[in-house]
Amino acid sequence: MKMHAKCNVIVVAVLAVMLGGSVTAASARSTSDASPQAKSMLKPGAVPGAEAVAQAFQDALQQGDRTRALELLAPEARISEGGETQNVKEYAAHHLGADIAFLKSARVTLISRASMQMDGTAHVASESRIDATSKGKPLELRSHEKMELKQVGGEWKIVSIVWTSQRFSE
């Protein structure tokens, strides 16, 4: 396996383990000791600039700042949620408004965030609790956000976001 492919496998394993998932030999294409190694690579504060951009994107959505949210995305960014992946233009035209509407009225509590830098990119994984109302009923979600960022003109830009969530159970 080439080094770049190994790095990508480690990133997938790190994000899966950090976000409460599991990694099998088949899904990670690695040995059973990859998960502990990968987990140790993703650390809170490892890439502070990239983590700050992840937080700025979350803040922009919660504050309804559409312009700022879009500025933080690289032109080639892909946003994935609920089994659907959109490019920036599609996201801006369709799902961004719904994300803003939902998050403006929600309370988001960060549970954890960690990052790592690899091959000129940064990977940031965040887990949050989202308390909101849906159809007049309280909704508690555990949200997992995985971002890949790259440096553009000395600034971190988001090139990929993957969001997953499930009902929060304590």
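The values are calculated or read from the model by the stated rules, or taken from the named source; none is laboratory data. Everything numeric here is computed off the predicted structure, so don't read it as measured data. In this analysis, Cβ positions are derived from the backbone assuming ideal geometry, glycine residues included, and neighbour counts consider all displayed protein chains.
Please identify the pairs in which a residue from region 65-77 that is without any contact (Cβ under 8 Å) to a residue 24 or more places away in the chain and assigned by TED's automatic domain parsing to the domain that holds Asp99 has its Cβ atom under 6 Å from the Cβ atom of a residue that is surrounded by 15 or more Cβ atoms within 10 Å (Cβ to Cβ) and not in a loop (DSSP other than H, G, I, E, B), counting only partners at least 6 apart or on another chain.
Arg68/Ala60
Within the set of pairs 6+ apart or on separate chains, which have a first residue in region 118-129 that is farther than 30 Å from Ser169 by Cβ, a second that is among the acidic types (Asp, Glu), and C-beta atoms under 9 Å apart?
Pairs found: Thr121/Glu148; Ala122/Glu51; Ala122/Glu148.
Might you let me know whether region 154-169 holds any residue that is in the same structural domain as Val53 (by TED's automatic domain parsing), over 16 Å from Gln55 (Cβ atoms), free of Cβ contacts under 8 Å to residues at least 60 places away in the same chain and among the β-branched types (Val, Ile, Thr)?
no
Scanning for something assigned by TED's automatic domain parsing to the domain that holds Arg68, touching a residue at least 60 places away in the same chain (Cβ under 8 Å) and not β-branched (Val, Ile, Thr), does region 102-113 turn up at least one residue? Break it down into steps so the answer makes sense when it comes.
Taking region 102-113 as the starting set, the residues that turn out to be assigned by TED's automatic domain parsing to the domain that holds Arg68 are 102-113.
Now drop any that are not touching a residue at least 60 places away in the same chain (Cβ under 8 Å), which leaves 112-113.
Those still in the list that are not β-branched (Val, Ile, Thr) too: 112-113.
Scanning region 102-113 turns up at least one residue that is assigned by TED's automatic domain parsing to the domain that holds Arg68, touching a residue at least 60 places away in the same chain (Cβ under 8 Å) and not β-branched (Val, Ile, Thr).
Determine whether Ala92 is surrounded by fewer than 12 Cβ atoms within 10 Å (Cβ to Cβ) and among the aliphatic types (A, V, I, L, M). If you could, list the steps in order and put the result at the bottom.
Values: surrounded by fewer than 12 Cβ atoms within 10 Å (Cβ to Cβ): no; among the aliphatic types (A, V, I, L, M): yes.
No.
Does Thr109 satisfy the condition of being within 22 Å of Arg142 (Cβ to Cβ), surrounded by fewer than 14 Cβ atoms within 10 Å (Cβ to Cβ) and modelled with pLDDT of 95 or more? Steps first, please.
Working: within 22 Å of Arg142 (Cβ to Cβ): yes; surrounded by fewer than 14 Cβ atoms within 10 Å (Cβ to Cβ): yes; modelled with pLDDT of 95 or more: yes.
Yes; evaluated as a whole, the condition is true for this residue.
Out of (1) in contact with a strand residue (DSSP E or B) (Cβ under 8 Å, 6 or more places away or on another chain); (2) polar (S, T, N, Q); (3) surrounded by fewer than 17 Cβ atoms within 10 Å (Cβ to Cβ), the odd one out for Ser134 is which?
Every condition holds for Ser134 apart from (1).
Tell me the residue from Leu70, Leu96 that is farther than 20 Å from Ser143 by Cβ, among the aliphatic types (A, V, I, L, M) and modelled with pLDDT of 95 or more, please. First the steps, then the outcome.
Values: Leu96 fails: farther than 20 Å from Ser143 by Cβ.
Within the list Leu70, Leu96, the selection yields Leu70.
Among the candidates Ala92, Ala77, Ala101, which residue alone is closer than 21 Å to Val152 by Cα and part of a helix (DSSP H, G or I)?
Details: Ala77 fails: part of a helix (DSSP H, G or I); Ala101 fails: closer than 21 Å to Val152 by Cα.
So the residue among Ala92, Ala77, Ala101 that is closer than 21 Å to Val152 by Cα and part of a helix (DSSP H, G or I) is Ala92.
Answer with yes or no whether Gln86 is among the polar types (S, T, N, Q), in the same structural domain as Val162 (by TED's automatic domain parsing) and either modelled with pLDDT of 50 or more or in a helix (DSSP H, G or I) (or both).
Details: among the polar types (S, T, N, Q): yes; in the same structural domain as Val162 (by TED's automatic domain parsing): yes; either modelled with pLDDT of 50 or more or in a helix (DSSP H, G or I) (or both): yes.
So Gln86 fits the description; yes.
Inside region 117-170, can you point out the residues that are among the hydroxyl-bearing types (Ser, Thr, Tyr) and not in a strand (DSSP E or B)? Walk me through it before giving the result.
So in region 117-170, the residues among the hydroxyl-bearing types (Ser, Thr, Tyr) come out as 121, 126, 128, 133-134, 143, 160, 164-165, 169.
Result: Ser169, single match.
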